[in-house]
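Working notes for the structure below.
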Amino acid sequence: MMNKVAIITGASQGIGAGLVTAYRKLGYSVVGTSRSIGDSYDPEVLTVRGDVAELGVGVVRTPMHAPETHDSLAALHPLGRLGEISDVVDAIVYLENAAFVTGEILHVDGGQSAGH
């Protein structure tokens, strides 16, 4: 049986780092990329330095946002709170495990796509 491989951008911190851990727990090999990623001590994780960024509006409590901005950023979400890394990781892992779900766009954005 061939090993599954997940390619994860932004893998050095925040959501990306959470996904590396989640996919490894699922038995995947991982190719992780980010601008500042270091070497991996896990032989099943290949790291590649690179920048594939395109800024989004996905506001989640990560090192990308200074703590003093969290309250104002939370106000942007209809749910009134910042997303957590685990919110995004759980949604992605759900799709990975939901074998009968196909071709879906899953909005993990605290209601932003629905509007205020």
Determine if the stretch 66-78 includes at least one residue that is on the phi < 0 side of the Ramachandran plot and either among the aromatic types (Phe, Trp, Tyr) or in contact with a helix residue (DSSP H, G or I) (Cβ under 8 Å, 6 or more places away or on another chain) (or both).
no
Return only the number of the condition from (1) of a type outside the set (Gly, Ala, Ser); (2) under 18 Å from the mean Cα position of the chain (by Cα); (3) loosely packed, with under 11 Cβ neighbours inside 10 Å that residue 65 does not satisfy.
(3)
When (1) in contact with a Lys or Arg (Cβ under 7 Å, 6 or more places away or on another chain); (2) at pLDDT below 85; (3) surrounded by 15 or more Cβ atoms within 10 Å (Cβ to Cβ) are applied to residue 51, the one that fails is (3)
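Picking from 95, 19, which residue would you name as being over 20 Å from residue 113 (Cβ atoms), surrounded by 11 or more Cβ atoms within 10 Å (Cβ to Cβ) and under 14 Å from the mean Cα position of the chain (by Cα)? So that I can check it myself, show each step before the final result.
Values: 95 fails: over 20 Å from residue 113 (Cβ atoms).
Within the list 95, 19, the selection yields 19.
Given 86, 34, which one is over 15 Å from residue 108 (Cα atoms) and modelled with pLDDT of 90 or more?
Numbers: 86 fails: over 15 Å from residue 108 (Cα atoms).
The conditions single out 34.
The values are calculated or read from the model by the stated rules, or taken from the named source; none is laboratory data. In this text, all values refer to a predicted model and were calculated from it rather than measured experimentally. Ideal geometry is used to build each Cβ from the backbone, glycine not excepted, and the neighbour counts take in all protein chains shown.
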